[in-house]
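Asker: Quick one: this structure, given as structure tokens, is what I'll be asking you about.
The values are calculated or read from the model by the stated rules, or taken from the named source; none is laboratory data. What you are looking at is a predicted structure, and each value in this text was computed from that prediction instead of being measured. Every residue, glycine among them, receives a Cβ derived from its backbone with ideal geometry; neighbour counts consider all protein chains shown. Calculation scope for accessible area: heavy atoms of the full protein, side chains included, ligands and nucleic acids excluded. Shrake-Rupley method; radii C 1.70, N 1.55, O 1.52, S 1.80 Å.
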Amino acid sequence: MSEDRIARLEAEVRELRDQLEIREILAKYGFTADMGHSRAYAELFTEDGVYDLDDGWTIEGRDALAAMIEDPNGLHKREIENRSQHVPTNILVRVDGDTAWSESYSQVVVGTPDGGYRVMTAGYNRFDYARVDDRWLIKRRLRRAVGGPEWGGETIRRFQEG
């Protein structure tokens, strides 16, 4: 086998491994949020990681991300922790050296007092990642709700173009 072919195969294996690791981060993201494991959740982000939600709500940094989950009066404790399931779908992952991004749709399903379930939210997600000390971490998560002002509009177009 030629050295060029070996180098190409090694690069392909590395990219596939990177994509798998990023998909695992997305799974851990949902599990840690659903179970209220605030520190494990925050550790999936870079130190300066950002969560950019609809309505201009932005959370920056690991401590603030953990605090969102830990807040005894917050939405997370009231409606999400131990009664939800984050469900990402249509996951697309792209790797470029030590940076990567993924796009997906997601739903958060929550249990209701009568034993049923309801979709609490559904949206579009863009995650940006950085490789830090040979480990993938979330640099930024952008989330936009289905039907919101940016849904199907500028946000998705911008990411599809580049």
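Asker: Out of Arg78, Arg144, Arg62, which single residue is surrounded by fewer than 17 Cβ atoms within 10 Å (Cβ to Cβ) and of a type in the set (D, E, K, R)?
Answerer: On the way: Arg144 fails: surrounded by fewer than 17 Cβ atoms within 10 Å (Cβ to Cβ); Arg62 fails: surrounded by fewer than 17 Cβ atoms within 10 Å (Cβ to Cβ).
Only one candidate qualifies: Arg78.
Asker: State whether the residues of the stretch 1-18 include one that is of a type in the set (A, V, I, L, M) and under 22 Å from Arg118 (Cβ atoms). Before you say what the answer is, go through the steps one by one.
Answerer: Within the stretch 1-18, the subset of a type in the set (A, V, I, L, M) is 1, 6-7, 9, 11, 13, 16.
The next check asks that each one be under 22 Å from Arg118 (Cβ atoms); those that pass are none.
Checked against the condition, which is being of a type in the set (A, V, I, L, M) and under 22 Å from Arg118 (Cβ atoms), the stretch 1-18 yields no hits at all.
Asker: Okay, moving on. With the requirement that a residue be in contact with a helix residue (DSSP H, G or I) (Cβ under 6 Å, 6 or more places away or on another chain) and assigned to a helix (DSSP H, G or I), what does the stretch 40-67 give you?
Answerer: Passing the criteria: Ala40, Tyr41, Ala42, Arg62, Leu65, Ala66.
Asker: Related question: Looking at Ile91, Ile59, which is the one that is in contact with a Leu (Cβ under 8 Å, 6 or more places away or on another chain) and farther than 21 Å from Leu20 by Cα? Walk me through it before giving the result.
Answerer: Details: Ile91 fails: farther than 21 Å from Leu20 by Cα.
Unique residue meeting the criteria: Ile59.
This table checks each residue for (1) closer than 21 Å to Gly147 by Cβ; (2) among the small types (Gly, Ala, Ser); (3) assigned to a strand (DSSP E or B).
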{"residue": "Pro88", "(1), (2), (3)": "yes, no, yes"}
{"residue": "Val93", "(1), (2), (3)": "no, no, yes"}
{"residue": "Ser102", "(1), (2), (3)": "no, yes, yes"}
{"residue": "Val109", "(1), (2), (3)": "yes, no, yes"}
{"residue": "Gly115", "(1), (2), (3)": "no, yes, no"}
{"residue": "Arg118", "(1), (2), (3)": "yes, no, yes"}
{"residue": "Arg126", "(1), (2), (3)": "yes, no, yes"}
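Asker: Conditions: (1) more than 16 Å from the chain's Cα centre (by Cα); (2) open to solvent by 70 Å² or more (accessible area, probe 1.4 Å). Asp71 meets all but one. Number of the miss?
Answerer: Against the list (1) more than 16 Å from the chain's Cα centre (by Cα); (2) open to solvent by 70 Å² or more (accessible area, probe 1.4 Å), Asp71 comes up short only on (2).
Asker: Can you pull out every residue in the stretch 6-22 that is loosely packed, with under 15 Cβ neighbours inside 10 Å and under 22 Å from Arg143 (Cα atoms)?
Answerer: Within the stretch 6-22, the subset loosely packed, with under 15 Cβ neighbours inside 10 Å is 6-14, 16-17, 20.
Result: Leu20, single match.
Asker: Out of the stretch 25-47, which residues are under 10 Å from the mean Cα position of the chain (by Cα) and either closer than 15 Å to Glu70 by Cβ or open to solvent by less than 100 Å² (accessible area, probe 1.4 Å) (or both)?
Answerer: Initial filter on the stretch 25-47 (under 10 Å from the mean Cα position of the chain (by Cα)): 25-30, 44-45.
Result: Ile25, Leu26, Ala27, Tyr29, Gly30, Leu44, Phe45.
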